[in-house]
Amino acid sequence: MTPAGYSVSFATIGALVRRARNELIRVPGAAIPGVLAPTIFFLGITAVFGHLTLLPGFTTNTYQSFLIPLSLLQGAGFTGAATGVNLARDIEQGWFDRLLAAPVSRWSLLAGMVSSAALRSLIPATALLTVGFALGVHWPGVAGLLLALVLVMGMGVVAACWGTMLALRFRSQSAAPLMQAGMFILILTTTAYAPIALLTGWLHTVAEINPVTKILEAARQGFVGGLSWANTWPGLLALAGLVALLGALSLRQMYRFTDE
């Protein structure tokens, strides 16, 4: 691709990010579900299961600190999946056909959508961290907080790729429950409620092979214990793998969109 082509592609990405921002400004209520759902989950679970930290095997005496990274990833998952719902709406209304007719690359269209999801995932993260710190969540340090936010944004990209792939496949907002449920299940079948040593049966097996477990553990280390590269690189690698896989599937579905 020529420099001029890259310039047009990056301009397209910026335009799609601004469009998503403008939608949020005009309809701020659209961000409420992605904020409320993980916040209510965080408050409810910590209230009910807060004494699990008394079990041998927990490395923290504050269940809020153990659970907050999970809620951060949940917020990113809900927000990213909403990108797929919005795309399905644009497909139904015919607006997406105009984008495909424009002289821009398909990858720049996908990159613009998922980039906006990554940025929007910081909204529920900010709300959750505010509530969490008010309730006594351990301060992870600047490095730990930045790492957690990077992983949250990455999880927003993963969820956006998943939602985008389904939107391009089904071309209807009726696929929204599948977009949300897919991310919900992927995130919860990890070390969501307890360390892996305390999990038993099928949940222990699934948590071991679920790549999101590595992402969650990398995000959690700043809140529970200290940072280490040994616990960071597996999470970054798992995140990169999910982005590459789902991004490739989404891009493939976008190319097939006009052929079907």
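Could you give each residue of region 154-168 its phi-based ³J(HN,Hα) in whole Hz, using Karplus coefficients 6.51, -1.76, 1.60 with θ = phi - 60°, and x for Gly or Pro?
Result, rounded to whole Hz: x, 5, x, 5, 4, 5, 5, 5, 4, x, 5, 4, 5, 5, 6.
Would you give the gap between the C-alpha center of region 16-69 and the C-alpha center of region 177-203, rounded to a whole Å?
15
Which whole-Hz couplings ³J(HN,Hα) result when phi for each residue of region 210-223 is put into the Karplus expression 6.51 cos²θ - 1.76 cosθ + 1.60, θ = phi - 60°, listed in order with x for Gly and Pro?
Rounded to whole hertz, the list is 6, x, 5, 4, 5, 5, 4, 5, 5, 6, 6, 4, x, 8.
So if each residue of separation counts as 0.36 nm, and I subtract the Cα-Cα distance between Arg19 and Ala197, what length gain in nm does that give? List each step's numbers first, then the result.
Values: separation 178, 0.36 × 178 = 64.08 nm, distance 4.52 nm.
Result for the pair: 59.6 nm of gain on full extension.
Around Val152, what is the net charge, scoring Lys/Arg as +1 and Asp/Glu as -1 over all other residues with Cβ under 13 Å from its Cβ?
Numbers: positive: Arg120, Arg220; negative: none.
Residues near Val152 contribute +2 overall.
On C-alpha positions alone, give me the angle between the axis of helix 106-120 and the longest principal axis of the chain, in degrees, nearest 10.
It is inclined by approximately 40 degrees.
Round to a whole number: what % of the accessible area of region 181-254 belongs to carbon and sulfur, probe 1.4 Å?
On the way: 2530 of 3440 Å².
That fraction is 74 percent.
Which of Leu166, Gly136, Asn61 sits farthest toward the positive end of the charge dipole of region 33-169, with +1 on the Cβ of Lys and Arg and -1 on the Cβ of Asp and Glu?
Ranked along the dipole, the leading option is Leu166.
Per Stokes-Einstein, at 4 °C and 1.567 mPa s, what whole-number D in µm² s⁻¹ belongs to region 37-192, with the Kirkwood radius over Cα pairs as the hydrodynamic radius?
Numbers: Rh = 16.6 Å.
Calculated translational D: 78 µm²/s.
If you project the alpha carbons of region 67-146 onto their three principal axes, what span does each projection cover, largest first, in Å?
Principal axes ranked by extent give 51, 24, 14 Å for the Cα atoms.
Over the chain, what is the relative contact order in percent, taking alpha-carbon pairs closer than 8 angstrom and at least six residues apart? Working shown, then result.
Numbers: 372 pairs, mean separation 66.8, N = 260.
Relative contact order for the chain comes out at 26 percent.
Quick check: pseudo-label points 7 Å beyond the Cα along Cα→Cβ at Thr60 and Leu43, how many nm apart are they?
Modelled inter-label distance: 1.9 nm.
Return the Cα extents of region 191-260 along principal axes one, two and three, sorted largest first, each rounded to a whole Å.
50, 29, 16
Could I have the simple spin-label model distance between Ala102 and Ile209, label points 7 Å from Cα toward Cβ, reported in nm to one decimal?
The modelled label-to-label distance comes out at 4.2 nm.
When the C-alpha atoms of region 12-73 are aligned to their principal axes, what extent does each axis show, in angstrom, from largest down?
52, 22, 9 Å, listed from the longest principal axis down.
Using a ≥ b ≥ c from the Cα gyration tensor of region 163-214 (square roots of the eigenvalues), is it rounded, prolate or oblate, where a/c under 1.5 gives rounded and otherwise the larger of a/b and b/c decides, a/b for prolate?
Prolate is the answer for region 163-214, as a/c is 1.5 or above and a/b outweighs b/c.
Largest first and in whole Å, give the semi-axes of region 125-220's equivalent ellipsoid, each being the square root of 5 times a Cα gyration tensor eigenvalue. Mind showing how you got there, number by number?
Working: eigenvalues 136, 78, 28 Å².
They are 26, 20, 12 Å, listed from largest to smallest.
The values are calculated or read from the model by the stated rules, or taken from the named source; none is laboratory data. Fair warning: this is a prediction, and the values are worked out from it, not measured in the lab. Virtual Cβ from ideal backbone geometry, glycine too; neighbours counted across all protein chains shown. To get the accessible areas, we keep the full protein, side chains included, count just its heavy atoms, and leave off ligands, DNA and RNA. Shrake-Rupley method; radii C 1.70, N 1.55, O 1.52, S 1.80 Å.
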